[in-house]
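K.L.:
So that we are looking at the same thing, I have put the structure below in structure tokens.
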Ligand code: SF4
Ligand code: SF4
Ligand code: SF4
């Protein structure tokens, strides 16, 4: 079988998982640098839900002792999932979103594979891959306010308080932000000045990443320090978009984050799900320094003439309310305390758990596709 056919077979197999691989001139070159031909052969046919080592060895007509180290090596590259079931190793397929946009960049390596992958992923992401995300209104991440930017903290729900999210965890891990590292490894992209080792994972996911060299363990205090450093440097906290079992806090910037790039570059209406807050401005105390305008990751603020402004320029921030994610990045560094987050009129509850998030995501995606096929226009 030709090498090209080996990759085409893997593409067809990966297309059966949640995330498809839309056809594009960028796709085959990207597959070639992401997987070796031997890896592509082994992964084609590997079920997403996992099989035991002995079942996989029978499928591949291989000796389990020969197969085991190859599967473990792929788990350490983030290409396959590895676990234990009834005392035996078992393996599952990692989908294309996970491999291309997460696991390959979490370790923060600067090696040939990473440098070859980064520009190709960046082009493929924009060219066609991310379009499949536009149809779903329920996003994978939700903005969560930076501590002490909320005006009235009495009504804050547990899933909206970044410190409470940490309190409930029994394990903490940090990886490199895959979006930022991917941009930094691409000579055609800008170099981001924000810190990179700020991608936080908890519980079972954190343990798994550390065991496979995709992250490293940290203490709760170190986790809090990373959150503070991220907030100070202008990064937006985003959490897994569900209420129970939150396992991720991203610290995102407008220049690298794939979700914010979806909004700024690809024109998707909603980058991430917003928090239940929105910023509110006191024009009378504003000094018109412009820092909030500069820091907002959504370009939701601009300095405009304001009748109640008392500064010499007569300016105060004006908010495009529909763009505000309620992250508090603007309020966190305002030198005059003129910005606070206020609760929105209505509370939107995120999906209960990861399973419900995925269910909503795919039913919205399917509904939009059906509507398109029927000739309707998706809002
Ligand atoms: S979503 Fe944000 S923090 Fe997460 S990996 Fe991307 S930029 Fe980094
Ligand atoms: S950061 Fe504060 S003081 Fe500066 S422009 Fe914004 S609201 Fe005004
Ligand atoms: S205005 Fe911008 S920085 Fe401020 S809370 Fe809204 S999205 Fe965040």
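Bear in mind these aren't lab numbers, they're just calculated from the coordinates by the rules spelled out. The shown structure was predicted, so the numbers you read here are calculated from the model rather than taken from an experiment. Glycine also receives a Cβ, built like all others from the backbone with ideal geometry; neighbour counts cover every protein chain displayed.
K.L.:
Nearest 10 degrees is fine. How inclined is helix 220-232 to the longest principal axis of the chain, computing both from alpha carbons?
P.N.:
Orientation of helix 220-232: about 60 degrees from the principal axis.
K.L.:
Send over the Kirkwood Rh of segment 141-273, from the inverse of the averaged 1/r over different Cα pairs, rounded to one decimal Å.
P.N.:
Radius from the Kirkwood sum: 15.4 Å.
K.L.:
Taking every alpha carbon pair in the chain, what does the distance histogram look like in 20 angstrom bins from 0, in percent?
P.N.:
For the chain, the binned pair fractions read 26, 55, 17, 2 percent.
K.L.:
Another question, then. Compute the semi-axes of the equivalent ellipsoid of segment 228-369, taking the square root of 5 times each eigenvalue of the Cα gyration tensor, and list them largest first in whole Å.
P.N.:
Square roots of five times the eigenvalues give 31, 15, 15 Å.
K.L.:
Next question. Rounding to the nearest 10 and keeping the result within 0 to 90°, find how far the Cα-based axis of helix 112-124 lies from the longest principal axis of the chain.
P.N.:
60
K.L.:
Sticking with this one: Between rounded, prolate and oblate, where does segment 155-226 land on the alpha carbon gyration tensor, with a ≥ b ≥ c its root eigenvalues, rounded for a/c under 1.5, else prolate if a/b exceeds b/c?
P.N.:
Since a/c reaches 1.5 but b/c is at least a/b, the shape of segment 155-226 is classed as oblate.
K.L.:
Right, next: Work out Dmax and Rg for segment 277-343 from the C-alpha atoms and quote the Rg first, both in angstrom.
P.N.:
My reading of the Cα-based Rg and Dmax gives 10.6, 31 Å.
K.L.:
Within 10 Å, count the other beta carbons around each residue, average over each peptide in 94-100, 188-194, 249-255, 353-359, and list them highest first.
P.N.:
Ranking the peptides 94-100, 188-194, 249-255, 353-359 by packing returns 249-255, 94-100, 353-359, 188-194.
K.L.:
Hey, another quick one. Nearest 10 degrees is fine. How inclined is helix 64-76 to the longest principal axis of the chain, computing both from alpha carbons?
P.N.:
Tilt of helix 64-76: around 20 degrees.
K.L.:
Then there is this: Using only the Cα atoms of segment 339-379, build the gyration tensor, take square roots of its eigenvalues as a ≥ b ≥ c, and label the shape rounded, prolate or oblate: rounded if a/c is under 1.5, else prolate if a/b is larger than b/c, else oblate.
P.N.:
Here segment 339-379 falls in the oblate category.
K.L.:
While we're looking at this one, here's another question. With an 8 Å cut-off on Cα pairs and a minimum separation of 6 or more residues, tell me the relative contact order of the chain in percent.
P.N.:
Result for the chain is 15 percent.
K.L.:
Just order 296-308, 136-148, 174-186 by mean Cβ neighbour count inside 10 Å, highest at the front, would you?
P.N.:
Answer by packing, highest mean first, reads 174-186, 136-148, 296-308.
K.L.:
Another question, then. Is segment 12-57 best put as rounded, prolate or oblate by its Cα gyration tensor, with a ≥ b ≥ c the root eigenvalues, rounded for a/c under 1.5, and otherwise prolate when a/b is larger than b/c, oblate when not?
P.N.:
Judged from the Cα gyration tensor, segment 12-57 comes out oblate (a/c at least 1.5, b/c at or above a/b).
K.L.:
In vacuum, with every alpha carbon of segment 1-158 counted as one equal point scatterer, what does the Debye formula give for log10 I(q)/I(0) at q = 0.16, 0.18 Å⁻¹? Two decimals, please.
P.N.:
-0.94, -1.12
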